[in-house]
1. Could you list, in sequence order, all residues of segment 196-205 that are closer than 12 Å to Asp243 by Cβ and surrounded by fewer than 23 Cβ atoms within 10 Å (Cβ to Cβ)?
2. Looking only at segment 206-261, filter to residues that are of a type in the set (D, E, K, R) and not in a loop (DSSP other than H, G, I, E, B); which one of those is surrounded by the most Cβ atoms within 10 Å (Cβ to Cβ)?
3. Looking at Pro91, is it within 22 Å of the chain's Cα centre (by Cα), more than 15 Å from Gly35 (Cα to Cα) and touching a residue at least 60 places away in the same chain (Cβ under 8 Å)?
4. Got at least one residue in segment 67-77 being part of a strand (DSSP E or B) and surrounded by fewer than 22 Cβ atoms within 10 Å (Cβ to Cβ)?
5. Output the residues belonging to segment 320-343 that are more than 22 Å from Arg117 (Cα to Cα) and either buried (at least 18 other Cβ atoms within 10 Å of the Cβ) or among the β-branched types (Val, Ile, Thr) (or both).
6. Do you know which of the residues in segment 18-64 that are more than 26 Å from Pro339 (Cα to Cα) and of a type in the set (Ser, Thr, Tyr) is modelled with the lowest pLDDT?
7. Out of the residues in segment 119-136 that are hydrophobic (A, V, I, L, M, F, W, C) and assigned to a strand (DSSP E or B), state the one that is surrounded by the fewest Cβ atoms within 10 Å (Cβ to Cβ).
8. In segment 259-288, which residue that is within 30 Å of Asp223 (Cα to Cα) and of a type outside the set (A, V, I, L, M, F, W, C) is modelled with the lowest pLDDT?
Amino acid sequence: MTRIKFALIGLAAMAGASPAAAATAQACDRACLQGMMTAYMAALAAHDPSRLPVAKNVRYTENGAELTLGHEGLWATFNKAEPYRHDIVEPATGGIASYFTIVENKLIPFPDLLAVRLKVKDRQIVEIETVVNRHARSAGNMLKLDPRWGQEMEAIEPPATRLTREQLIAATTGYLRAIAFHDGKAAPFAKSCIRLENGNITAIGKDDVSPVPIGSGPPVSTDAIPGLPKAAPPPKLMGLGCDEQLDYMAYSFITGYRDARFPIVDVERQKVYAVFDFMRRGDVEAWTWQGNTYPMPEAMRYPNEILNTEIFKFSGGKLTRVEAVFTGPQAYKRGTGWPGGTPEHSQPVK
């Protein structure tokens with residue numbers, strides 16, 4: 001993606017301006033916000049936050065923990081950014097979020113996937129929220145991503161078929177409920193629906209072309225269940241679409257969600273950036289299909305959560321593409337570091 005030169009409006013340019021003109025000059029449009037993100041990544045590469053126009057009370061989190069900007073976490077270990085970048089921008093709220101492929105550490109480097117959200121007010125960064133998927137085995141897929149993925153994500157929706165900001169958030173909430181309650185009818189899924197998670201395809205319609213080498217879909221386990229005969233091979237869930245997959249209950253280890261926020265919405269492009277936790281109570285140990293019982297992978301069989309960031313793309317009012325960078329398992333109810341909406345559970349909390 002083209003990098004945009006970053007520049008700040010000096011105070012001298014503001015002298016003598018009317019309040020309305022000053023407000024306009026201080027606003028950060030799409031290009032300005034993308035420039036802010038470019039500057040953030042450059043400062044991160046230099047391990048020097050003094051290069052950034054940050055507010056005195058700027059808040060910085062990494063994987064849900066509040067850290068000191070410039071001294072801890074990725075600011076100490078960042079090596080370099082790889083070419084992949086995906087932005088979602090909302091100038092009206094001063095928000096931008098971006099996905100990157102990066103390299104961490106220098107002596108023994110390893111690939112990561114990185115999500116960064118900035119909130120800008122009066123051309124100063126007031127919030128920085130980062131989620132890092134470390135040692136991301138499929139990060140290299142993003143460097144080979146079919147360019148049609150970006151074209152689809154950036155396509156501008158005709159005004160006549162656009163959902164409003166509120167409708168987009170409601171539809172995205174429907175997705176969270178669809179996954180947490182294992183109900184494909186809870187969200188407006190399109191027939192053509194592809195989900196790209198941490199560099200892997202985990203859902204794809206039968207007529208869709210995968211933008212990266214196709215993954216295996218929902219996680220599976222070969223663990224034996226004591227007292228039960230060996231099960232037949234589990235059903236292949238790739239090619240069923242985002243909604244049909246849920247009928248098989250292979251994702252039933254997800255028992256709810258919490259701290260859901262939707263800080264950036266691009267109505268023109270019909271994109272939503274969401275941050276939330278998918279909860280795993282740990283007491284859903286297996287799933288059953290056609291008389292066969294399949295154990296959940298070990299990481300799903302104890303209490304934990306996944307810290308999710310996801311970009312949702314709608315077209316014609318239907319959810320057609322999902323791209324996610326997430327990390328976990330994390331401690332159960334650790335949280336995102338930015339508490340949000342009311343939690344919902346697919347089964348009662350005991």
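The values are calculated or read from the model by the stated rules, or taken from the named source; none is laboratory data. All values derive from a computational prediction rather than experimental measurement. Cβ: placed from backbone, ideal geometry, glycine included. Neighbour counts: every protein chain shown.
1. Listed by number, the list holds a single entry, Gly205.
2. As a first pass, look at segment 206-261 and keep what is of a type in the set (D, E, K, R): 206-208, 223, 230, 236, 243-244, 247, 258-259, 261.
Those still in the list that are not in a loop (DSSP other than H, G, I, E, B) too: 243-244, 247, 258-259, 261.
Details: Asp243: 21, Glu244: 16, Asp247: 14, Arg258: 21, Asp259: 23, Arg261: 17.
Going through the qualifying residues, I end up with Asp259.
3. no
4. Initial filter on segment 67-77 (part of a strand (DSSP E or B)): none.
Within segment 67-77, none of the residues are part of a strand (DSSP E or B) and surrounded by fewer than 22 Cβ atoms within 10 Å (Cβ to Cβ).
5. Thr320
6. Ser18
7. Taking segment 119-136 first, the residues hydrophobic (A, V, I, L, M, F, W, C) are 120, 125-126, 128, 131-132, 136.
Applying the additional criterion that residues be assigned to a strand (DSSP E or B) yields 120, 125-126, 128, 131-132.
Numbers: Val120: 23, Ile125: 24, Val126: 16, Ile128: 20, Val131: 26, Val132: 22.
Looking at residues that are hydrophobic (A, V, I, L, M, F, W, C) and assigned to a strand (DSSP E or B), I get Val126.
8. It comes out as Thr288.
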